[in-house]
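The values are calculated or read from the model by the stated rules, or taken from the named source; none is laboratory data. Here the structure is a predicted model, which is why all the values come from computation and not from measurement. Cβ sites come from the backbone with ideal geometry, for glycine too, and all protein chains shown count toward neighbours.
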Amino acid sequence: MNHVLPADAAEIARWIPHQGRMCLLDAVLDCNPALIRCRAGSHRRADHPLRMDAGLLSAAAIEYAAQAMALHGALNAKPGVDGRPGFLASARNVKLHVPRLDDVAGDLLVQAEHLAGDERQAMYRFALHDEGGRCLVEGRATVVLDTPLT
């Protein structure tokens with residue numbers, strides 16, 4: 001890794017395309033070429049951009065994980081290379097252990113483990129836990145890199 005870890009949401013927003021309220025992560029706890037762990041408290045915000053009338057459904061955890069994956073890619077980019085644009089191509093084996101995230105007390109701990117990849121794609125295993133270590137959501141995701149969406 002080539003950089004000092006971002007200390008807050010404003011610094012994280014400099015590394016990922018998600019801005020304003022859509023930047024859901026608050027801090028990076030750990031990052032190395034294989035793994036990133038982040039902390040987030042945005043799930044408690046009444047103005048959360050993914051919140052529905054029924055609350056913040058646990059499927060929103062996929063977006064938390066996607067942001068951690070984007071941040072992982074940017075922080076681990078080769079020297080002189082900016083983070084590469086990508087999009088979430090698939091989420092598999094997703095297990096929602098809770099119905100909602102907005103009623104989780106304390107911060108969320110977001111972890112994404114890089115499993116495999118090349119210059120075109122990256123595969124991750126992800127999990128969100130509460131501060132007590134209870135697994136809230138887990139799954140796998142594939143990100144496709146440098147692919148135009150038009």
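Is it fair to say Arg92 is modelled with pLDDT of 90 or more and surrounded by 11 or more Cβ atoms within 10 Å (Cβ to Cβ)? So Arg92 does not fit the description; no. Just wondering, is there one or more residues in segment 58-74 that are outside any helix (DSSP H, G or I), at negative phi and either modelled with pLDDT of 90 or more or out of contact with any Lys or Arg (no Cβ under 8 Å at 6 or more places or on another chain) (or both)? No, every residue in segment 58-74 fails to be outside any helix (DSSP H, G or I), at negative phi and either modelled with pLDDT of 90 or more or out of contact with any Lys or Arg (no Cβ under 8 Å at 6 or more places or on another chain) (or both). Can you confirm whether segment 27-49 contains a residue that is out of contact with any Leu (no Cβ under 6 Å at 6 or more places or on another chain), in a loop (DSSP other than H, G, I, E, B) and modelled with pLDDT under 90? Within segment 27-49 (the criterion being out of contact with any Leu (no Cβ under 6 Å at 6 or more places or on another chain), in a loop (DSSP other than H, G, I, E, B) and modelled with pLDDT under 90), the answer is no, since none of the residues qualifies. For segment 16-25, the set of residues classified as within 20 Å of Leu128 (Cβ to Cβ) and part of a loop (DSSP other than H, G, I, E, B) consists of Ile16, His18, Cys23, Leu24, Leu25, listed by residue number. Just for segment 17-26: of the residues that are at pLDDT below 90 and touching an Asp or Glu at 6+ places or on another chain (Cβ under 9 Å), which one is farthest from Gly117 (Cα to Cα)? Once the filter is applied, the top-ranked residue is Arg21. Would segment 106-125 turn up any residue that is touching a residue at least 40 places away in the same chain (Cβ under 8 Å), crowded, with 19+ Cβ neighbours inside 10 Å and among the small types (Gly, Ala, Ser)? Yes, because at least one residue in segment 106-125 is touching a residue at least 40 places away in the same chain (Cβ under 8 Å), crowded, with 19+ Cβ neighbours inside 10 Å and among the small types (Gly, Ala, Ser).
Condition check ((1) of a type in the set (A, V, I, L, M, F, W, C); (2) in contact (Cβ under 8 Å) with a residue 12 or more places away in the chain; (3) crowded, with 19+ Cβ neighbours inside 10 Å; (4) closer than 26 Å to Arg92 by Cα) across all residues:
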| position | (1), (2), (3), (4) |
| --- | --- |
| His48 | no, yes, no, yes |
| Ala60 | yes, yes, yes, yes |
| Tyr64 | no, yes, yes, yes |
| Ala68 | yes, yes, yes, yes |
